[in-house]
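Working notes for the structure below.
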Amino acid sequence: MGGGSYFQPERYFGRVGLGPTEASSLSEMGEKWYLKDESFLLSPRNPCASSGTMGFLMEDLPEELLVNVVRRIDQTADRNSISLVSKRLYAIDGEQRDFLRVGCGLHPAIEALTSLCIRFPNVKKLEIVYSGWMSNLGKQLDNQGLFVLSSNCHSLTELTLSFCSFINDSGLAYLSSCRNLRSLKLNFAPAISSSGILSLVIGCKNLSSLHLIRCMKLSSVEWLEYLGKLGKLEDLLIKNCRAISEDDLLKLGPGWNNLKRLEFEMDAYYRYPKIYDSSSAEKWLRHQSCYKNLRELSLVNCIIASGRGLSYLLGRCEALERLHLDMCLGVEDTDIIALSQKSRNLTSISIRLPSQFLAPVFLSCPLRLTDEGLKALAINCAMLEVFELSFSGGEFPSYRCFSQSGILALVQTCPIRVLVLDSACFFNDSGMEALISSPYLQTLKLIKCHEVTDDGMQLIQRFPLLTNLNLCKCLGVTDGGLKPLIGLCKLKYLKVEDCPQISENGVQGTAMFISYKQDSSWLY
């Protein structure tokens, strides 16, 4: 790796997409690489000068060109390879590398992390992931590791800690000195409590994104109230943190004004960690003018019954573009109608409904979602492009719910490009025939839609824009249903999963790109 090493430019220059003046002048001669362009013939020391075509040494390349090459290489393996070419590239890579992902390979952990921090002092994004860790892999990174990180990586803006069982509140206290930190993601941090989160947010006043997943020791939300006062939080994700309930989100207060993305998931097996306070509804109403900038909302295992806090949130998000409701109890037509009237910029809606066996357990009255809600979406949401509807456990609810006509009215009125139906027993061949008139539909995914048969599938060739078809666990479709597509070049992508009556030979020639998987264990 000394000063006399030769650089193979075509291996990297072509890959990173340099222009013709930078890359096309490279040609292969023998076992070494040379430049035809005389403007690059800078080194009289080249041993091949007598051949009439002068090569170049690494020292002869302009610094700007090398930096440009390194910046355009995204893959870690390629970065590691190019840094071995010469000392110059090694140094440039160390200065330019801004993303690292480490974990079980850190051994010994403190020494290894210290070396990385010294070599890559300008790293901005760091992921420490101990998924699959076992004691024989060496000691995990602990609080001392976060001290090393905060002392050396002053440019750090994004940090992810996953399955880091040996990091506690003291470690987060070290991170509070990272003044440039804007994003923190904690995935299964069993030793971290509310005090640690509070100390971090007090020190990192520029924090705009916070993700907390399975942090079981969190028992209070003073940190959320503090973030609300700072008013810089734009992205908040809380999943399966048992002691945090829906109404705790109220603590964000004025911070709702700046929030753009909220994802909140209650633990399905620990749904009632706190006693519900009926007065919280008034507090949600008090902040109703603050929800206007929310663009993405995902609620999982939440209660959105009338009079509960989150029910006031749905109809007051003016800028909402993406909505995901998964196993949320208490949703009614009035919620969907209010949503459609206020959130006219909606582009994506995903709804997964609980089965008839779950809903009565938690509510005195069943869910009431009918075609009236879908009609309101069709009338008011002219930008809706993605609609996903599924029923948990394959159980279509016995209570009043959506029908095929409501789904078709939505698809034919709005510019729906992606339609996903999961366990929708009402959707059949007549529904497939009605979809032919959908002028925008490009992707159709059917999961456990057993009423769709070969007759409906043969209509695919008449869909005007459909290019992506996904069939999963559909019992009514056989090889005969796909036969008209063979050689037609209608589909670009076809994905077939666990459909027992469709064979691997039956999908051949039906699309440009085909994915096939067969596992019938789900039937038993």
With a/c under 1.5 counting as rounded, go ahead and sort region 380-524 into rounded, prolate or oblate using the C-alpha gyration tensor (a ≥ b ≥ c being the square roots of the eigenvalues; past the cut-off, prolate if a/b is larger than b/c, else oblate). oblate
Ignoring ligands and nucleic acids, what accessible area does Leu325 show with a 1.4 Å probe (Å², nearest 10)? 10
Net charge near Ser194 (other residues with Cβ under 13 Å of its Cβ; Lys, Arg +1; Asp, Glu -1) is -1
Gained length - Asp455 relative to Ile514, 0.36 nm times residue gap less alpha-carbon distance: 19.1 nm
Applying the gyration tensor rule to the Cα atoms of region 115-168 (axes a ≥ b ≥ c; rounded if a/c under 1.5, else prolate if a/b exceeds b/c, else oblate), the class is prolate
Inter-probe distance in nm under a simple model that places probes 7 Å from Cα toward Cβ, at Lys139 and Ser289: 5.6
Order these peptides, 423-434, 458-469, by their mean beta-carbon neighbour count within 10 angstrom, highest first. 423-434, 458-469
Links that overshoot a 30 Å alpha carbon limit, given the list Lys445/Lys483; Lys217/Lys517; Lys232/Lys445; Lys342/Lys448: Lys217/Lys517; Lys232/Lys445; Lys342/Lys448
Report the paramagnetic label zone for Arg261: residues of region 184-212 whose backbone N is under 11 Å from a point 7 Å from Cα along the Cα-to-Cβ axis. 209-211
I want to check the label-to-label distance for Arg101 and Arg79. Put each point 7 Å from Cα in the C-beta direction and report it in nm to one decimal. 1.1
Once both labels are modelled 7 Å past Cα along the beta-carbon direction, what's the Arg344-Ser219 spacing in nm? 4.9
Local electrostatic count at Ser289 - Lys and Arg +1, Asp and Glu -1, tallied over other residues with Cβ under 14 Å: +4
My understanding is that a pair violates if its Cα-Cα distance is over 30 Å; which of Lys125/Lys229; Lys125/Lys260; Lys260/Lys473; Lys139/Lys205 do that in this structure? Lys260/Lys473; Lys139/Lys205
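The values are calculated or read from the model by the stated rules, or taken from the named source; none is laboratory data. All of these numbers come straight from a predicted model, not from anything done at the bench. Please note: Cβ atoms are built from the backbone with ideal geometry, for glycine as well, and neighbour counts cover all protein chains shown. When the accessible area is computed, the model is the full protein with side chains, heavy atoms only, and any ligands, DNA or RNA have been set aside. Shrake-Rupley method; radii C 1.70, N 1.55, O 1.52, S 1.80 Å.
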